[in-house]
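K.L.:
I have a structure here, written as C-alpha cells, and I will follow up with some questions on it.
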Amino acid sequence: MAKPQSCDTFVALPPSTADGCVIFGKNSDRPDDEVQEVEYYPSQEHQPGSKVMCTYIEIDQVPKTNAVILSKPAWMWGAEMGANQHGVCIGNEAVWTKLNSDDDLTERLLGMDIVRLVLERVKTSKEGVELIGELLTNYGQGGSCYESTQLSAYHNSFLLADRTEAWVLETAGRFWAAELIKEGVRNISNQLTIGTKIDMMSPDLIQEATAMGFYSKERGAFHFSKVFSGDYCLEGRYKHGRRMLQEYSKGGKFGMKDMANILRDESSGICMTGGYTSTGSQISVIPTGASNTPAIHWFTATPNPKLSIYKPFIFCAGIDIGDLTVSPKYGADDPINMKPRFSKEVDRRHKLYKAHGSFVASRKHSVAEKVKDLENKFIQGMKEMMENYDDEKKKKASEIFKHMCAHELDFYR
C-alpha cells in the first residue's frame with residue numbers, strides 16, 4: 001500500500017486565540033473507502049489485574065478510565081483523534097524515519113491505540129507525554145495500520161493539548177522527543193518537526209543515536225528531526241499549514257471558524273480527496289484557566305470536511321450521542337478478529353455516513369454552501385447555549401450531538 005499523502009493536526013493557544021481559548025484541530029486522512037465513526041465511552045472502573053484488548057495486543061488495564069469521545073476508523077480499537085472529560089485532546093500522524101523496517105509490521109500498539117489509551121488514562125497533556133513514553137517502552141508500536149491484506153506500517157507523531165498548554169511528541173521506533181508549546185500556534189504533518197528544542201525525551205536518546213552512527217557532537221546541537229528523519233518527507237504541506245495558522249492568528253482573534261477554514265483547504269492538500277481522503281475531522285475549543293464554560297468538541301463523522309458539518313459534543317452528566325455515527329459491530333466474525341486478518345470485507349457504514357454519501361453524490365455542485373448554512377446555525381445555537389450555561393442547558397447538552405446528527409440526517413433526506 002502506498003504511503004499516505006496527508007494528515008495534519010493543529011493547535012492555537014493564547015495570546016493568538018479569541019476569548020483566550022485553546023483551539024485544537026485535526027483531519028484524519030485515511031483510505032477513501034474507510035469509514036470513520038464517532039463513539040462515546042463513559043468513565044469506568046476496572047477490576048485489579050484486568051486487561052484491555054487493543055487492536056492487536058492485550059495490555060494491562062488501569063483501575064479507572066476517563067470518559068472519552070473518539071473519532072476512529074470503525075475496524076480498529078484505537079482512535080485517530082478525540083478528547084476526554086478533563087479537556088485533553090490528541091491526534092496522531094504517520095511519520096517515516098531511518099528506523100523504519102519490516103519489523104514495524106509486528107503486531108504491537110498502533111499509534112491510534114496510543115491515542116485512545118492517552119485519553120482514557122490522563123488528566124493533562126504532560127501526563128499524556130509521559131504515558132506515551134511508558135507505552136513505547138513496555139509494548140512498542142507496530143502492526144498494519146489499514147484494513148487491508150496489503151500490509152503497511154509507520155511510526156507516529158502526536159499533538160496533545162489541554163487547558164493550559166500543548167505538546168508535540170515524535171517517535172522513531174522506541175525513541176522519542178517532545179516539545180512543550182505554551183503560547184502561539186503549532187502544527188504537525190507527515191514528517192518529524194522537532195529540532196533542538198527538546199523538553200522531554202526517551203532515556204539515553206542522544207547516546208543511542210550516537211551509538212547507531214546517526215549523531216556526533218561534532219555535528220553541533222542534537223536536532224531530533226535531522227538525526228532521525230527518513231527519505232520520505234512532505235514538507236510543503238507542513239509549511240503551508242504553518243503559514244495559514246500564522247496568518248489566521250494575527251491579531252489574536254483565531255477562532256473555531258478559522259480552524260475550520262484551514263481544515264477545509266483543498267489547495268494545500270490539508271483537506272484531502274482521492275485515494276486518501278479526510279475521512280473525519282475534529283475541532284475542539286477548550287476554555288483556559290478556571291472558566292466554568294465547558295470545552296466544546298466538534299466532529300464531522302463523515303468524509304471531506306469541506307462537504308461535511310461539524311457537530312458539537314460537550315462532556316456532562318447523562319450523555320447520549322445516539323447511534324447515527326456508530327458503525328455496525330461484527331464481534332467474532334469481524335475480519336480484524338479472524339486469522340488471517342482482513343480476509344473478507346464487511347459493511348462498516350453508519351447511518352449518517354450513508355445519508356451523507358448519497359446527498360453528496362446527488363448534489364455535489366451546491367453541497368458546500370448548503371452544509372455551511374446548517375453548520376452556522378449549529379454554531380450560533382452553541383453560542384447562545386454558552387451565554388448562560390445553567391442546569392437546564394446542561395441537561396440539553398447531554399444529547400446535543402445526538403440532536404445535531406438527527407437534524408443533519410433530516411437535512412440530507
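Laboratory data are not the source of any read-out in this text; all were calculated from the coordinates shown. None of these values were measured; they are calculated from a predicted model. All Cβ positions, glycine included, derive from the backbone under ideal geometry; neighbour counts span all protein chains shown.
K.L.:
Per residue of the chain, what 222 nm ellipticity follows from adding -39500 (n - 2.57) for every DSSP H run with n ≥ 4, rounded to the nearest 500?
P.N.:
That comes out to -8500 deg cm²/dmol.
K.L.:
Return a whole-number percent for the relative contact order of region 42-148, with Cα pairs under 8 Å and 6 or more residues apart as the contact set.
P.N.:
26 percent
K.L.:
Determine which lysines satisfy two conditions relative to Lys370: a Cα distance under 28 Å, and not lying fewer than 8 residues away in the same chain.
P.N.:
Leaving aside lysines fewer than 8 places away in the same chain, those within reach of Lys370 are Lys26, Lys72, Lys253, Lys257, Lys306, Lys311, Lys351, Lys354, Lys383, Lys393, Lys396, Lys402.
K.L.:
What does the convex hull of the alpha-carbon atoms of the chain project to on average, in nm²?
P.N.:
19.9 nm²
K.L.:
Given region 1-97 reduced to its alpha-carbon atoms as identical point scatterers, what log10 I(q)/I(0) does the Debye formula return at q = 0.18 Å⁻¹?
P.N.:
Per q value, in the given order, log10 I(q)/I(0) is -1.03.
K.L.:
Here's something else I'd like to know. Take region 60-212, drop everything but the C-alpha atoms, weight them equally and run the Debye formula without solvent; then report log10 I(q)/I(0) at 0.16, 0.20, 0.21 Å⁻¹ to two decimals.
P.N.:
Debye intensities relative to I(0), on a log10 scale: -0.86, -1.34, -1.46.
K.L.:
Taking square-rooted eigenvalues a ≥ b ≥ c of the alpha carbon gyration tensor, is region 262-338 rounded, prolate or oblate, where a/c under 1.5 means rounded and, failing that, a/b exceeding b/c means prolate?
P.N.:
Because a/c hits 1.5 or more and a/b fails to exceed b/c, region 262-338 counts as oblate.
K.L.:
Please state, rounded to one decimal and in Å, the Kirkwood hydrodynamic radius that region 139-254 gives when every pair of distinct Cα atoms enters the mean of 1/r.
P.N.:
16.0 Å
K.L.:
A further question on this structure: Which percent, nearest 5, of DSSP beta bridges in the chain are antiparallel?
P.N.:
Bridges in the chain that DSSP calls antiparallel: roughly 95 percent.
K.L.:
Straight distance only, please: which aspartates and glutamates reach the Cα of Lys395 with their own Cα at less than 14 Å, same-chain residues fewer than 8 apart left out?
P.N.:
The reachable aspartates and glutamates, counting only those whose Cα sits under 14 Å from Lys395, are Asp320.
K.L.:
If packing is taken as the average count of other Cβ atoms within 10 Å, what order do 244-257, 41-54 fall into, highest mean first?
P.N.:
The most tightly packed comes first, giving 244-257, 41-54.
K.L.:
State, in angstrom, two size descriptors of region 304-413 derived from its alpha carbons: Rg to one decimal place and Dmax to the nearest whole number.
P.N.:
Every Cα atom of region 304-413 included, Rg and Dmax give 17.3, 54 Å.
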